[in-house]
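J.: What follows is a structure written as C-alpha cells; I'll ask about it next.
The values are calculated or read from the model by the stated rules, or taken from the named source; none is laboratory data. Please read all numbers here as calculations on a predicted model, not as lab measurements. Cβ placement follows ideal geometry from the backbone for every residue including glycine, while neighbour counts extend to all protein chains displayed. Accessible surface areas use protein heavy atoms only, side chains included; no ligands, DNA or RNA. Shrake-Rupley method; radii C 1.70, N 1.55, O 1.52, S 1.80 Å.
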Amino acid sequence: MFVFVLLSGVVIWVPRTAGALKKRLSINLKKGWRRFWYDLHVAGGMYVMLALLALSLTGLTWSFAWYRTAVYRMLGAANAPESGHTAYHAAQQTRNRANHSGQNTKEKTTTFPHWQQVYEQLKAQNPAYSTITVSDGEASVSFGRLGNRRASDRYTFDPHSGRLTDVRLYVDADRASKIKGWIYSIHVGSWGGLVTRLLSFVAALIGASLPLTGYYLWLKRLKGKTRKAGKACQSV
C-alpha cells in the first residue's frame, strides 16, 4: 500500500509547467503552519521518494515469497533464499530436535575456550578485518567495505580443537547470497556507511509524516468547504 501511495502521489503531483515545478519543490517557512505542512507533504515527499521506494521495495522481499522469487530472478539468481523468519524457525526446529534426541548441553560448553584461539587465528590471517564473529563451530570475517555490508568470509572449525576445517570466501558465494546482502544493506541504508544511514532515517521520518500531513490537509480543506457552505446558506 505504501508503494501504491508513493506512485499515485507522484502522478497527482506532476506539474504542467516549469514554473509550477519550481514552486512545488520549495518548502516555505514564512507563511504559517498550514503552508509548511503542505510544502513538507508535497516537496518533502518528492525529495525522499526514491529513497522511500528503495526502502519499501526491498522490504517486500521479506513479506511475500512470490515477490522475493520474482526479484531474485530479475537480478539473475536462479533460486531465492528463504526469508529470515523462515530460516530462523527452521534453525529453531533443528535445535529442538537435537535437544530431544538426548544431546548433552554440557558438551557445548567445552567449545568456548577455543573461540579465542579461532579469533586470534582469523585476526592474524585478515589484518584488514572490520568485524570477526565467532559462534559454536562457525566464524565470519567482515571487512566493512561500502556496498554489501553483509559481505563476509565464513569459516567452520572443530569445536573441540579450534582447528579451521573449511572456508567459504565471499567472492565465491552464490549470486543469491550476494543479492540478499545487498537488499538488506539498501533496506537499512547501511550501504554507504553512516551518511546513508542518516539519510535513510530522514527519508523514513518524512515518509512517516506523509499520511499525517495528508490527513491534516484533507481535514483543513473539508473544514474550509463546510465554512463556505455555511456562509452561502446565511447569505441566502
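J.: As a test question: what accessible area, to the nearest 10 Å², does Trp218 have when a 1.4 Å probe is rolled over all protein chains in place?
T.: Per-residue accessible area (Trp218): approximately 130 Å².
J.: Could I ask something else about it? In square angstrom, what is the accessible area per residue of segment 107-205 with a 1.4 angstrom probe?
T.: For segment 107-205, the per-residue accessible area is 61 Å².
J.: Got a sec? What order do Val71, Val202, Val141 fall in by accessible area at 1.4 Å, biggest, i.e. largest, first?
T.: Descending accessible area places them as Val202, Val71, Val141.
J.: With every protein chain in place, what's the accessible area of His114 (1.4 Å probe, Å², nearest 10)?
T.: Roughly 40 Å² of His114 is accessible to a 1.4 Å probe.
J.: Follow-up question, since we're still on this one. Need one number: nm distance between label points at Asn79 and Trp62, each 7 Å from Cα along Cα→Cβ, rounded to one decimal.
T.: 2.3
J.: Can you give me the solvent accessible area of Phe4 with a 1.4 Å probe, rounded to the nearest 10 Å²?
T.: 130
J.: Along the charge dipole of segment 127-214, pointing to its positive end and built from +1/-1 on Cβ of Lys, Arg, Asp and Glu, which listed residue (Ile132, His160, Gly147) has its Cα farthest out?
T.: Gly147
J.: Arrange the residues Met1, Met74, Met46 by how much accessible surface each exposes, largest first, with a 1.4 angstrom probe.
T.: Per-residue accessible area, sorted high to low, gives Met1, Met74, Met46.
J.: Additional query: Quick one: if you stick a label point 7 Å off each Cα along the C-beta vector at Gln125 and Phe201, how many nm between them?
T.: Distance between label points: 3.6 nm.
J.: Counting only protein chains, not ligands or nucleic acids, how are Asp172, Asp166, Asp153, Asp158 ordered by accessible area (probe 1.4 Å), most first?
T.: Reading off the accessible areas and sorting them downward yields Asp172, Asp166, Asp158, Asp153.
J.: While we're on this one: Pull out a ≥ b ≥ c, the square roots of the eigenvalues of the alpha-carbon gyration tensor of segment 128-236, then state rounded if a/c is under 1.5, prolate if not and a/b is larger than b/c, and oblate in the remaining case.
T.: prolate
J.: So, one more: With charges only on Cβ, +1 for K and R and -1 for D and E, what is the dipole size of segment 115-236 about its Cα centre, in debye, rounded to 20?
T.: Dipole about the Cα centre, nearest 20: 1660 debye.
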